[in-house]
1. Return the sequence-ordered ³J(HN,Hα) values of region 207-223 in whole Hz as given by the Karplus equation 6.51 cos²θ - 1.76 cosθ + 1.60 applied to θ = phi - 60°, using x for Gly and Pro.
2. Under a 5 Å amide H to amide H cut-off, with H placed in plane at 1.01 Å, what residues pair with LEU111 once short-range neighbours are removed?
3. Going by amide H atoms built from the backbone, whose H comes under 5 Å of the H on PHE355, apart from near neighbours?
4. What whole-number value in Å² describes the accessible area per residue of region 188-251 for a 1.4 Å probe?
5. Using a cut-off of 20 Å between alpha-carbon atoms, which lysines can reach LYS415, once sequence neighbours fewer than 8 places away in the same chain are excluded?
6. On the protein heavy atoms, probe 1.4 angstrom, tell me the percent of accessible surface of region 67-139 carried by carbon and sulfur.
7. List the GluC sites (Glu not before Pro) within region 336-438 that fall in a DSSP loop (any state other than H, G, I, E or B) and whose Cβ has at most 16 other Cβ atoms within 10 Å.
8. Can you list the residues, at least 5 places off or on another chain, whose amide H is less than 5 Å from the amide H of ILE152, using H built in the peptide plane?
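The values are calculated or read from the model by the stated rules, or taken from the named source; none is laboratory data. This is a predicted model, so every value here is computed, not measured. Cβ placement follows ideal geometry from the backbone for every residue including glycine, while neighbour counts extend to all protein chains displayed. Calculation scope for accessible area: heavy atoms of the full protein, side chains included, ligands and nucleic acids excluded. Shrake-Rupley method; radii C 1.70, N 1.55, O 1.52, S 1.80 Å.
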Amino acid sequence: MPGSTGSGASSPGRFSSGSECGEVNTPFTERSVLFDDIDLDLVQKSINALYILVVGGCGFIGSHTVWELAKAGYNVIIIDNLSNAFSSVFDRIESMVSDYYEKTPERRPSLKLYEADYRDRQAMTAILEEYEIPAPFVLSPAESDLRKGSNITGVIHFAAHKAVGESIKQPLKYYANNVGGMIDFCTLLGEFGIKNFVFSSSATVYGTVADIGIPLREEYCSQQTTDFVDDDGERKLVHSGSSGLTNPYGRTKWMCEAILSDLAYADPEWTVTALRYFNPIGCDESGLLGEDPRDTATNLMPVVLRVITGALPVLSIYGNDYDTPDGTAVRDYIHVTDLAKGHLAALKSRADRGFRVYNLGSGRGSSVLEVVDAMEQVCGRKIPTQVVGRREGDVGMCVAKARRAEEELGWRTEKSLEACCRDIWRFLERAGEALVTL
Ligand code: UD1
């Protein structure tokens, strides 16, 4: 049985009805029942305690998303096996949330952390049972199929392995955790009637299609055969599938999207939003939350930071012979706070049931050299670099067309590359590393 930690007052909101001895609709049926038939305390507890479940919530993107959820008033349950994160991240968020709500009259949401592997069915079942809607809602044996309801109103799934190089060396680890784990997890969620799911996908699903040199539309990698009018005004037909996936990690993300699309088609109660992240960098502007993985850094910005702090002598630039303005690879870097807010927008979008994919990117590309330059401007020192060969599995360009998320979710990025660098620098200064090692 997994243990939980957490604090925060439970919601003080009161259960209310239209009239003193009136009727109330139960959450799972359109039918009305008399108050006499049900335990009002249990009803009140249930209605006051709605949660978002965040799996992998102590990681880089997860922790920033939990922080944004808490500021927006959501109660949050985090499940994390701490394989690539630290529990101190949770303590940090708790303290940030307490400080934040001390200054407002609003209710402080509840945060809970369970240290568990999302693939551990027994542990996950025990956790989900804690949030099950209680039995008084069962009206008759005939309705026993409606028995499982939950105070968890949405799930955000971050618990995936994400190192491209490692996925090439250990594909089964990636397929087992990212694909097998998600199938079992969704099966269990379905048993508990939890069917509002936000999935962390990745721009990597575009594979070598990304190299076409123009911003990527969601339709360029579609899970359903569809036609659309492209930006040049031409009607195009796309078949479901993907072309030129360059590594097992990318394949796991594509497979998960395909599985979720099939699930939402088969069972229309599911609302699944797949968010294709481009390149998240930066950290909360307070400098209190940042990227602190246990694994060896492989992404560009964490490696740059290690060079700045002296932990690494030089930044290896993987190729300067790409078909890009300066020859180094171009990516769409997105501030992690913008990305986190994209998840809130996705959770609110559940009016449209079914499966829907969104790019979360800025629509602007920056080369490796531009990122290095922006970081040098902020920290006021030279970052040593050396050009080495291309990295296996890399593409030359990967930039989002961000229009769909703006039109349908009302979300777009607000922060620049410079803001990302400034916030990271603040995090380093706060951590004291900059002072110690520079
Ligand atoms: C890739 C995936 C992305 C995924 C991420 C997870 C693609 C197109 N993108 O991001 O979807 O979420 O992995 O880890 O597959 N670079 C260097 N030196 C370094 C590190 C990186 O030059 O030490 C370069 C890379 O070659 C790349 C850019 O910096 O051009 C960004 O690299 P990285 O941060 O690792 O992200 P992607 O490979 O773009």
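1. Karplus-based 3J(HN,Hα) across region 207-223 equals x, 7, 4, 4, 6, 5, x, 10, x, 8, 8, 4, 5, 5, 9, 10, 8 Hz.
2. Excluding prolines and chain starts, which carry no amide H, the hits are SER7, VAL76.
3. Here VAL272 satisfy the definition.
4. 39
5. LYS71, LYS341, LYS401
6. After summing per-atom areas, the C and S share lands at 45 percent.
7. For GluC sites (Glu not before Pro) across region 336-438 that sit outside H, G, I, E and B with at most 16 neighbouring Cβ atoms in 10 Å, the list reads GLU392, GLU414.
8. Distant-sequence amide H within range of ILE152: TYR51.
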